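Taken together, the values in this text are just the output of simple stated rules run on the coordinates, not laboratory data. Being a predicted model, the structure only gives us computed values, none of them experimental. Positions of Cβ are generated from backbone atoms using ideal geometry, with glycine treated the same way; all protein chains shown enter the neighbour counts.
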Amino acid sequence: MMFNLGGLLLVNACFLAAGCGVAGLAGWWSGPRGVVRSLGVCYLVGIAAFGMGAQLLYVLGASLARWQVVGICAVLALGSIGALRRVSPPVAAIRLPTWVIAVVVAMLALLAVDLWFQPLWAYDAWSYWTPRAHALFALNGLDPGWFGAHDMRDPDYPLLLPAIEAATFRFTGYETQLLDVQSLFVLVAFLGAVVEVTVRLNGRRIVLAAVLLSLVLAPSVADQLASAEADIPIAALFACAGLCAAVWLEERRRGALILAGVLAGGAAATKIEGIVFVLALFVAIMVVQRRALLFPAAVGLASLAVGIVPWKIWLSIHHIPEEVTLHRLLSPSLLGGHIGRVPYATGYLAWRTLDPRAWILLVPVCLAIAFWARRRAGGIVWLALVGATLALAGLLIAYWTTPLPFHYHLATSARRVVTGPIFYLAALAPLLARREPES
């Protein structure tokens, strides 16, 4: 297991290097100190960029052997060269209370120990995510016979997470127990991204402390980490895209919005609801922006094009059916016939979002902060509220039109899919009660 852990650390170092290159090329960081401060954002950007690139290469027939994984990440990492030569701007210290840092670090350490010894047990992980990753690894690529089999669950789901897991198998062997630890890397990177952007935009540190504590102590987070499914990764990518969008709104650096597009594209390449999250984010950006909408609209469309179009083309070429189609969303008879689902699904999603047994008081606290700061937080408060609301509305439409048994689908998935909007709202909460810059 220790040798396999070394392989896991090595492949994740490749993802991090790739993200540092993409983020450095976009101008997100500069200088050695800058890259250290931005490791969280860089890691998530690396996951998104590598995952979308891997999906495209699988569609084109690549096997993604170990040397190819290293090669992709090395090419992406070249963007770091210019960024390292630039001078790092001065940044304020984090200045969180010592006890908060101690609790967060201790809880992450406990989670790491738990995930290290815990086997992969979740039904969806064994019946869907891990078999797809193992197929990419064992069959050396995207085999239409296997991926188009009649008994394949959700055959239209994209490949980012299976591609990431298949890459880890290239370095660790078929070691499923380490997939839980892989999920923890994503959570730690997300927490780092929240800290970085809060400091960068002068967010309220007491809110940051509350958010960090709530996230590491939330029972639902621990449960989902152990499941090794796609809901934590897609939530982290979506929320980090929101953070990059907030930086763009404040600083008007085009590179920040481009990174938001990369992260959003990664979300779209992770799960079907990622498309909903991308639309929610960029509609929220345009609601806040109101004018000069061409650039954010172009970035949003590009993120969807890169994230899902190659996969959709492959599905079409190989005549693999899609469970979620535009026809279902635009069918008046289907929508009218299932209108009775809407009130129940609305109430169920609201409860799962607010459930203190899963999320403690994270969402009510974030909503209270948004209400208190609605007049002084500027566009970021609307970015947060509109984005989270549209994301939840998209999930509601998915349950309204689902071809699966309605109550079964809702009961087995709602507790997980709300993680995206919750992470998104939590990530932006420290920016809603920002302090005035010191003179």
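Across the chain, C-alpha contacts under 8 Å between residues 6 or more apart give a mean separation that, scaled by the residue count, equals a relative contact order of 20 percent.
Label-to-label distance, Ala298 versus Ala13, with points set 7 angstrom from Cα along the beta-carbon direction: 3.9 nm. In order along segment 170-181, phi translates into HN-Hα couplings of 5, 9, 10, x, 6, 10, 6, 5, 7, 5, 4, 5 Hz, rounded to whole numbers, per the Karplus curve 6.51 cos²θ - 1.76 cosθ + 1.60 with θ = phi - 60° and x for Gly and Pro. Could you compute the net charge surrounding Gly79? Neighbours are other residues with a C-beta less than 14 Å from the C-beta of Gly79; K and R count +1, D and E count -1. So the surrounding residues net to +2.
Quick check: from the Cα gyration tensor, does segment 177-333 come out rounded (a/c under 1.5), prolate or oblate? Display every interim value, and only then the final one.
Details: a/c = 2.08, a/b = 1.19, b/c = 1.75.
Cα axes put segment 177-333 in the oblate bin.
Computed from backbone phi, the HN-Hα couplings of segment 29-45 come to 9, 8, x, x, 5, x, 5, 5, 5, 9, 4, x, 4, 4, 4, 5, 4 Hz, rounded to whole numbers (Karplus: 6.51 cos²θ - 1.76 cosθ + 1.60, θ = phi - 60°; Gly and Pro given as x). Charge tally for Ala391 (other residues, Cβ to Cβ under 15 Å; Lys, Arg +1; Asp, Glu -1): +1.
If I take R0 = 41 Å and measure r between the Cβ atoms of Asp143 and Arg85 in this structure, what FRET efficiency does the formula 1/(1 + (r/R0)^6) give, to the nearest 0.05? Intermediate results must be reported in sequence, preceding the final value.
Values: r = 44 Å, r/R0 = 1.08.
That gives a FRET efficiency of 0.40.
Its residue count N fixes a reference of 2.2 N^0.38 Å for segment 288-439, and the Cα radius of gyration divided by that reference is 1.26.
Could you tell me whether segment 370-439 comes out rounded, prolate or oblate from its Cα gyration tensor? Rule is a ≥ b ≥ c as square roots of the eigenvalues, rounded for a/c under 1.5, then prolate if a/b exceeds b/c, otherwise oblate. Kindly include the intermediate steps, with their values, before the conclusion.
Working: a/c = 4.83, a/b = 3.08, b/c = 1.57.
Prolate.
As a proxy for reagent exposure, ranking Thr130, Thr389 by other Cβ atoms within 10 Å from fewest up yields Thr389, Thr130.
Tyr123 to Tyr174: FRET efficiency via 1/(1 + (r/R0)^6), r the Cβ-Cβ distance, R0 25 Å, to the nearest 0.05? Don't skip to the end; give the middle numbers.
Details: r = 19 Å, r/R0 = 0.77.
Efficiency for this residue pair is about 0.85.
Taking N as the residue count of the chain, its C-alpha radius of gyration divided by 2.2 N^0.38 Å amounts to 0.93.
Between beta-carbons, use under 12 Å as the cut-off and find the net charge around Trp28, counting Lys and Arg +1, Asp and Glu -1. Here the charged neighbours net out to +3. At full extension, Tyr408 and Arg375 could sit 7.7 nm farther apart than now, given 0.36 nm per residue minus the alpha carbon distance.
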